[in-house]
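The values are calculated or read from the model by the stated rules, or taken from the named source; none is laboratory data. Predicted model only: the values in this text are computed from it and were never measured. FYI the Cβ positions are ideal-geometry reconstructions off the backbone, even for glycines, and counts take in every protein chain you see. Protein only, heavy atoms only, side chains kept; ligands, DNA and RNA dropped before computing areas. Shrake-Rupley method; radii C 1.70, N 1.55, O 1.52, S 1.80 Å.
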Amino acid sequence: MFFPVFPLRFPRCHRVVSWVPRYAQLDFTTLDQRLGTVEELRELTSEAHRLGMYVIIDVVMNHMANEFYFEGHEETQAPWRFHENRGEREYLLFPRVKEENLYDTPEGKQPYLDFWYNNTWNSSATYNGTLYGQYGEWVDDTGAGTYIDSDFHHNGDLIDYFDAWQINYGKIYGVMDDLRLEHERVQKKYIAMTKALIESVDVDGFRVDTPMQVPLNFYKVWAPAMREHAKSLGKDSFGIFGEFYVTPGRYATMTGRGRDNTMYGQERYIDDVSTLKGGIVYPYYWYIFTSLVYNDAQYADGLALAYREENKMIDTYDPMTQRKEYAMWNFCNNHDNWRLQSMTGRDQMRMCLVVVTFWPGVPLHYAGDEQDLDTPGSALDGWSREELSPSMAWRAVATQPGGNPADNDNFDMTSESYHYIARLNGLREAYFGSFGSEMCDQVTTPEPQIPNVLVFERGCSSAQRLVVLANFHQNSGSGGWGGRGFCRFAMEPQTSRG
């Protein structure tokens with residue numbers, strides 16, 4: 001999976017963290033020349049396909065760079081405004097770019113070539129997006145008045161993430177211009193641009209950045225258009241996955257056909273149009289994290305319950321395969337938090353790897369885990385992305401008696417953990433690679449559950465089963481079933497595999 005590949009600009013603002021520039025897009029029609037050429041990316045995807053791999057590109061649609069400021073707030077936070085209230089309208093937008101550096105467009109001088117702002121107020125205009133809050137609740141807008149002819153929102157900065165209007169229309173972190181994606185005019189532009197990306201570099205899917213900040217009606221148009229276009233190019237299965245750093249109630253509205261909080265456990269959906277196939281979800285990570293980092297093993301008991309409840313909320317039907325497929329991505333580490341092994345140890349990390357490898361969905365490995373990288377700190381402040389910088393940069397940050405593992409070859413394919421993950425993936429492929437039935441997603445657990453021990457069984461047929469036992473209780477002595485975490489898995493033999 002690749003970072004966004006479009007040209008970007010480093011935000012002109014002190015309110016920025018290390019990863020933001022890669023998501024501050026300027027143009028969705030060309031590649032960032034610092035990464036290479038279209039031809040080189042096409043060659044890379046062709047080689048990946050030859051080796052049996054899929055290529056997924058990270059796409060951003062909610063926002064662009066930081067080329068505008070809200071009237072009166074060039075260097076300060078702009079409080080939220082919606083329609084017109086007590087004489088205060090939504091803000092006028094002003095370019096930060098010098099006039100001589102603006103583009104000539106059909107809408108005059110603009111800081112972006114293809115998306116344009118317009119400061120003409122329309123007192124009767126309304127927002128036409130379908131919005132949902134953090135708990136899957138539908139919200140309705142009875143007001144009027146906005147800059148409807150602008151491709152951008154003029155509402156101010158995103159401050160309250162539990163306000164459905166702000167999370168959909170606000171300027172994220174105050175540094176990224178928010179596109180008016182609920183409008184058909186903007187949707188058509190972005191659809192054309194992402195169709196071109198699929199066709200020009202032959203990618204197999206998209207990882208969608210910040211989907212919870214995009215009005216649902218955009219996905220109801222864009223996702224089917226992407227799948228249809230990919231199918232016309234011979235791609236019978238095109239994956240669209242979201243970064244679901246949000247509550248299950250919110251991501252349930254944009255998974256498959258979508259469910260709001262009145263539809264759980266029923267064969268009812270928002271409509272018949274499928275949107276995202278799945279995404280990166282956090283509930284299982286937090287259960288494992290809390291169990292191991294805070295040494296509170298009872299949280300491991302929640303994984304099976306969370307899975308049952310989540311499946312009442314989300315729609316897993318895939319219109320391309322025409323069957324239900326649980327396609328959430330689970331992980332042990334991510335860029336928002338410290339690496340698990342930096343707070344616990346390698347044994348606990350490996351136990352987590354076993355769980356996410358054989359749990360339903362897609363196991364997502366954070367770069368560097370296969371090299372035992374364990375620098376304290378998150379990627380938000382530049383720490384846990386050691387593999388993206390020269391190895392000697394980490395020489396002064398000792399994390400182990402022998403130094404820092406990052407002060408070595410960060411792509412060492414002889415690494416013990418590299419081979420450990422490879423073996424897990426090999427077993428996963430052997431038992432779940434075909435994924436030929438919905439039975440593959442069924443999880444069986446003991447009744448009653450064993451306290452502090454996660455035990456689950458899965459398989460794609462009655463003759464092909466796998467059992468995982470993971471002991472999260474770390475204070476019951478040393479070795480055996482306690483001390484530092486313990487995990488075993490067993491596979492029932494089958495004639496077809498010898």
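Data for the structure
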read-out	value
Residue 332 accessible area, 1.4 Å probe, all protein chains in place, Å² to nearest 10	0
Highest-first arrangement of 156-169, 304-317, where packing means the average Cβ count within 10 Å	156-169, 304-317
Karplus-derived HN-Hα couplings along segment 66-74 (A = 6.51, B = -1.76, C = 1.60, θ = phi - 60°), whole Hz, x at Gly and Pro	10, 8, 10, 10, 7, 3, x, 9, 5
Cα centroid separation, segment 367-427 to segment 273-305 (Å)	24
Residues whose placed amide H lies under 5 Å from that of residue 279, excluding near-sequence neighbours	242, 328, 329
Check: segment 365-458 dipole with +1 on Lys, Arg Cβ and -1 on Asp, Glu Cβ, in debye	40
Under the Karplus curve 6.51 cos²θ - 1.76 cosθ + 1.60, θ = phi - 60°, whole-Hz ³J(HN,Hα) for segment 406-411, x wherever Gly or Pro sits	5, 7, 8, 6, 6, 10
Accessible area of residue 427 in the full protein assembly, 1.4 Å probe (Å², nearest 10)	50
Under 18 Å from the Cα of residue 98 - lysines, other chains or at least 8 residues apart	109
Crossing angle, helix 38-50 versus the chain [Cα axis fit, 0-90 degrees, rounded to tens]	30
Largest to smallest accessible area among 123, 415 [probe 1.4 Å]	123, 415
Per-residue [θ]222 nm for the chain (sum of -39500 (n - 2.57) over DSSP H runs n ≥ 4, rounded to 500)	-7000 deg cm²/dmol
Fraction of accessible area attributable to carbon and sulfur, segment 110-166 (%, probe 1.4 Å)	48
Reachable lysines from residue 220, criterion Cα separation under 17 angstrom, eight or more residues apart if same chain	188, 189, 195, 277
Hz values of 3J(HN,Hα) by residue in segment 196-210 - Karplus curve (6.51, -1.76, 1.60), Gly and Pro given as x	5, 5, 4, 6, 6, 10, 6, 7, 10, x, 10, 9, 8, 6, 6
